[in-house]
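Below: one structure, written as structure tokens.
The values are calculated or read from the model by the stated rules, or taken from the named source; none is laboratory data. Being a predicted model, the structure only gives us computed values, none of them experimental. Heads up, the Cβs are rebuilt from the backbone with ideal geometry, glycines too, and the neighbour counts pull from every protein chain shown.
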Amino acid sequence: MGSKLHWSLILALAFIISFFPSHSEARNQAADQEACNPVDLRSLADFKAGIKVDTSGRLSKWSGNGCCSWEGIVCSNATGRVTEIRLPGLITTEDSIFQSEMNGFLSPSITSISSLQVLDLGGLISIGGMIPPSIGFRLPDLQKIYLFGNRLTGSLPDSIGKLSKLQELQLHENSLSGSLPPSIGNLESLNQLLLYSNEFFGPVPDSITKLRNLVDLDLHGNSLSGKIPGKIGELQGLKLLDLSNNHLTGEIPVSITDLRSISVLYLDTNYLQGEIPFPSSCGGQMSSLGFLRLSNNNLTGRLPPNFGCLVSLQRAALDNNKLHGPIPSSLGNLSALSELYLGSNRLSGKLPCSLGQLSRLIMLNISHNKIKGQLPQECMSSLHNLQTLDLSFNRLNLTSFPRWIAQMPSLSRILLAGCGIQGEIPQFLYSTPSPIQELDLSANNLTGILPGWLGKLTSLYSLNLSRNSIASNIPDTVINLQSLGVLDLHSNLMTGSVEKVFEIGSSFLEDGTLKHIDLSDNQFTGGIESLGLGSQASVNHLNLSRNYLERSLPNSVGRLMSLQVLDLSHNNLSYELPESLGNVISLEKLKLQRNKFTGKIPGGFLNLKSLDELDLSDNLLVGKIPDGKPLSQFPRSSYSRNAGLCGKPLDPCTNS
């Protein structure tokens, strides 16, 4: 009896409990039933209505009146108002990373959520619309705005300067335009400003120097013009400054040396002039600078003698300017330096022996300068970590290939073009300590043959022996170069059947590695019937011009679907042009002049919409040029000296 009563009480209790939710369930139900602020609710509903597609499925769960429990929404416990909207495009879980997308527009009613502190819609890819002009007036508490990686258009509203609490502003990778509003200098709490890869133009406002708390300032990839504000050095907390890829002019302000916390400084790809103003001394100036890019400008003067005082420098790119004078020996003090780019300047004198002290250096590019004299073997041979050495087109007059370079333990990219090297390709390149990946000995005085042992350089990706006097066939061992992506032998005395070249190449073309072939200006003979067979569709640049090629251009050329440049000019090719060539819609340059092609221009050539250079002159073509773009937009010279051709842009065809 007692046992039966015991179980009856348990069942009754369970029955009663089933009618009441757990404490956590009760709390969630209460949150769902508690309506959030009606203004916030309406604004979020408007935002949702503006989104047509949400691949994350988050917005589909927004239902009822309890918006504070919706995914991505955070409310204040004290006021119940919405304070955060966090719907980032990149969703990370323990198991996976998912890139979501919201297709639609940013509703301006979002500015009615007056207590909003964080707005994060970054990386949603397809959200369009404009940043609401009233954002600065109506959202006074905003601290963080993440609207990067969308499709926003229009300008950055001037009212943005009213957001006195704003700490982070990330609007990069959109299509914003216009100039930066001067009011941006009012954002004194701002510590991160990322506006790169938009279409902003006009000057960088001087008022930006008022942003005393700014740590990251990234405006690269816009169309900003004018000068860098002279007071840029007043941003004492700045660690990253990226103004690259704009249209900035004038000199680098001297005040930039006052950026004592700066770690990353990118001013490359502008129109900056004058001398490099830093460092002026070795008193700890810019002592944290680790990454410096000043390349692709019009900078003049000498490399500062105190350049070696930038003791934290890891990468320095000063290439493609107009710097002159010697390379300062102080560079040897940059013990942390791993990459140094000084190419395409007017530097002169000898390489300082102090370069041998850069024990961490992996990349050294001093190409296209006026460096002369002997290479300091006793110093440079100690660069045990050096992987890339580019001394091309200097006044070194090496005469022979330096054996000690081939003995450097980590060197895999050897670029000594235009250095006066004579004789045959040295056999000791076959046994380098580190497998050669790139070899450029072009524009030298090499003679002899292309050695068979080249096929043993199985890690070779790029081989450039152009503009020499090498006289031989291409050896069969080239078939072993499974990693080859660039083969450039143009302007030599190479002979043999070009058909054999493609037979040799068909093996390693199957992996799709070979992208660039230039065998022009040689003495190759035969036909090209195998062109385009197999997997040769990986090639995007093919130049066989100025040889002795014969017979037809085969239909299989239409299989070269990645081809961007095709140059078969100055040969003896004949027969009709293949219709299939019109299938190669990636073609940007087609040069077939000075051959013996006959018949009509195929109508399929009208499919070559990417074509911006065409030359069919000096052939035996006849008939009407197919009517339409792109063929009609090329000049008369593209079709000249084909006696039977007519139609735009040539004279109209007659009925006779």
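Numbers below:
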quantity: Residue list for the range 550-600, filter: surrounded by fewer than 19 Cβ atoms within 10 Å (Cβ to Cβ) and acidic (Asp, Glu); calculated: GLU550, GLU576, GLU579, GLU588
quantity: Breaking point among (1) within 28 Å of ASN174 (Cα to Cα); (2) touching a residue at least 40 places away in the same chain (Cβ under 8 Å), for SER288; calculated: (1)
quantity: Filtered residue count, the range 241-266, keeping only those that are within 12 Å of LYS227 (Cβ to Cβ) and assigned to a loop (DSSP other than H, G, I, E, B); calculated: 5
quantity: Members of the range 339-348 that are within 16 Å of LYS322 (Cβ to Cβ) and not polar (S, T, N, Q); calculated: TYR341, LEU342, GLY343, ARG346, LEU347
quantity: Index of the failed condition, VAL264 passing every other in (1) over 30 Å from GLY301 (Cα atoms); (2) at pLDDT 95 or above; calculated: (1)
quantity: Residue list for the range 225-251, restricted to those being crowded, with 21+ Cβ neighbours inside 10 Å and over 25 Å from the mean Cα position of the chain (by Cα); calculated: ILE232, LEU235, LEU238
quantity: Selection count where residues are under 16 Å from GLN143 (Cβ atoms), within 25 Å of the chain's Cα centre (by Cα) and of a type in the set (Asp, Glu), scope the range 98-124; calculated: 0
quantity: Residue, modelled with the lowest pLDDT, within the range 499-558, restricted to residues that are among the charged types (D, E, K, R) and part of a helix (DSSP H, G or I); calculated: GLU503
quantity: Lone qualifier among SER329, SER348, SER312, SER335 - being in contact with a helix residue (DSSP H, G or I) (Cβ under 6 Å, 6 or more places away or on another chain) and surrounded by fewer than 19 Cβ atoms within 10 Å (Cβ to Cβ); calculated: SER329
quantity: Single residue of ASP258, ASP216 found to be touching a Leu at 6+ places or on another chain (Cβ under 8 Å), among the charged types (D, E, K, R) and either closer than 17 Å to ASN296 by Cα or without any contact (Cβ under 8 Å) to a residue 40 or more places away in the chain (or both); calculated: ASP216
quantity: Residue match in the range 194-203 (condition: in contact with a Ser or Thr (Cβ under 7 Å, 6 or more places away or on another chain), assigned to a loop (DSSP other than H, G, I, E, B) and surrounded by fewer than 19 Cβ atoms within 10 Å (Cβ to Cβ)); calculated: no
quantity: Residues of the range 68-86 classified as touching a strand residue (DSSP E or B) at 6+ places or on another chain (Cβ under 9 Å) and more than 25 Å from MET102 (Cα to Cα), total; calculated: 1
quantity: 1 or more residues modelled with pLDDT of 95 or more and touching a Pro at 6+ places or on another chain (Cβ under 9 Å): qualifying strands (runs of 3 or more DSSP E) within the range 99-188; calculated: 118-120, 144-146
quantity: Strands (runs of 3 or more DSSP E) wholly inside the range 274-385 that include at least 2 residues being in contact with a Pro (Cβ under 9 Å, 6 or more places away or on another chain); calculated: 346-349
quantity: Residues within the range 63-98 that are of a type in the set (Val, Ile, Thr) and in a loop (DSSP other than H, G, I, E, B), tallied; calculated: 2
quantity: Single unsatisfied condition, ASN270 versus (1) at pLDDT 95 or above; (2) not in a loop (DSSP other than H, G, I, E, B); calculated: (2)
quantity: Hits in the range 162-185 (condition: farther than 27 Å from MET102 by Cα and surrounded by fewer than 18 Cβ atoms within 10 Å (Cβ to Cβ)); calculated: SER164, LYS165, PRO182
quantity: When residues of the range 607-627 are limited to those that are hydrophobic (A, V, I, L, M, F, W, C) and buried (at least 18 other Cβ atoms within 10 Å of the Cβ), the one farthest from the chain's Cα centre (by Cα); calculated: LEU621
quantity: Residue match in the range 376-386 (condition: polar (S, T, N, Q), under 18 Å from LEU358 (Cβ atoms) and in contact with a Phe, Trp or Tyr (Cβ under 9 Å, 6 or more places away or on another chain)); calculated: yes
quantity: Any hit, the range 431-444, residues being buried (at least 18 other Cβ atoms within 10 Å of the Cβ) and at pLDDT below 90; calculated: no
quantity: Matching residues, the range 422-436, being polar (S, T, N, Q) and in contact (Cβ under 8 Å) with a residue 40 or more places away in the chain; calculated: SER434
quantity: Residue in the range 128-144 that is surrounded by fewer than 21 Cβ atoms within 10 Å (Cβ to Cβ), closer than 17 Å to GLU199 by Cα and more than 28 Å from the chain's Cα centre (by Cα) present; calculated: no
quantity: Subset of the range 241-270 (residues that are more than 16 Å from GLN314 (Cβ to Cβ) and small (Gly, Ala, Ser)); calculated: SER244, GLY250, SER255, SER261
quantity: Qualifying residue in the range 459-467 (condition: touching a helix residue (DSSP H, G or I) at 6+ places or on another chain (Cβ under 8 Å) and either under 17 Å from GLU424 (Cβ atoms) or surrounded by fewer than 20 Cβ atoms within 10 Å (Cβ to Cβ) (or both)); calculated: yes
quantity: Odd one out for LEU411, checked against (1) touching a Ser or Thr at 6+ places or on another chain (Cβ under 8 Å); (2) surrounded by fewer than 20 Cβ atoms within 10 Å (Cβ to Cβ); calculated: (2)
quantity: Candidates LEU294, LEU299, filtered to the one that is at pLDDT 95 or above and in contact with a Lys or Arg (Cβ under 7 Å, 6 or more places away or on another chain); calculated: LEU299
